[in-house]
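Report on the structure given below.
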Amino acid sequence: QDGITHVVCTPHVFPGRYANNRRSISEAFAAFRRRLLEADIDLGLSFAGEVRLGPEVIALLERDEIPFLGVQSDGRKTMLLELPDGQIPVGADRLVDRLLNHGVRPIIVHPERNRMVMDDPRRMTAFARMGCRMQLTAASLSGHFGPRVQAAARSLLDFGYVHAVAT
C-alpha cells in the first residue's frame, strides 16, 4: 500500500552470533517467497546478507558462503559489509583490500552508526578512496538514532561518500 514493489532481504551474517550463510539465507528466502505467493502478495524479492567485518570474512569468501547482493557490470561481486558498532578495527582497510583483490566490492552499511565515525566521519575517507560504496540508514538521516548519528550521516552525504539509503 505504500508503493513498495521490491524488497531485498538482508539478514546478518556474523559467525558466532548469527549463523547465517548463503545457503541458509537462500532456504529461508525460498520459504518466505512461497508464503507470499500463498497469500497472493505481489512483491518482488531478492536477498543478500549483511556481513560483519571480521577475520572470518575471507574464510566465508573462500567457502562461497557469502550471500552477495549482485554482480556489477565490471564483473565484481557486491557485498554488504557491516562495521562493528564501537570501532573501526585495526586492519579493516587490509581486509577490504583483500576483498577488492578477490573481485568483491563492499558496500559499507550504516557507517554513520559506528562510534568512531560519529566522532570523525572523515575516518571513512580511506574506504571511499579504495572504492567502497556506502549505504546509510534512512532513520539515521531523520534523527531516529540521535543527533550524533544524524550529524555523521549528513557529513558522509556532504563528502559524497553515500551511494544508497536503506530503510
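The values are calculated or read from the model by the stated rules, or taken from the named source; none is laboratory data. Everything numeric here is computed off the predicted structure, so don't read it as measured data. Counting neighbours? That spans all protein chains shown, and the Cβs are built from the backbone with ideal geometry, glycine included. What goes into the accessible areas is simple: the full protein's heavy atoms, side chains included, and nothing from ligands, DNA or RNA. Shrake-Rupley method; radii C 1.70, N 1.55, O 1.52, S 1.80 Å.
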task: Show me 143-153, 68-78 ranked by packing, highest mean number of other Cβ atoms within 10 Å first.
output: 143-153, 68-78
statement: Measure of exposure for E27: accessible area at 1.4 Å probe, Å² rounded to 10, is 100 Å²
- prompt: Once you wrap a convex hull around the alpha carbon atoms of the stretch 68-144, what is its projected area averaged over all directions, in nm²?
  reply: 5.4 nm²
- prompt: What is the dipole size for the chain, taken about its Cα centre, with +1 at each Lys and Arg Cβ and -1 at each Asp and Glu Cβ, in debye to the nearest 20?
  reply: 320 debye
- request: Heads up, I need the accessible area for H12: 1.4 angstrom probe, whole protein in place, Å², nearest 10.
  value: 70 Å²
- prompt: How would C9, C132 line up by accessible area, probe 1.4 Å, largest first?
  reply: C9, C132
field: Descending semi-axes in whole angstrom, ellipsoid equivalent of the stretch 1-66, from the Cα gyration tensor
entry: 28, 12, 9
- prompt: What percentage of all Cα-Cα pairs in the chain are separated by more than 26 Å?
  reply: 31 percent
task: Please work out how much length the chain gains when fully extended from L43 to E56, using 0.36 nm per residue of separation minus the C-alpha to C-alpha distance, in nm with one decimal.
output: 1.3 nm
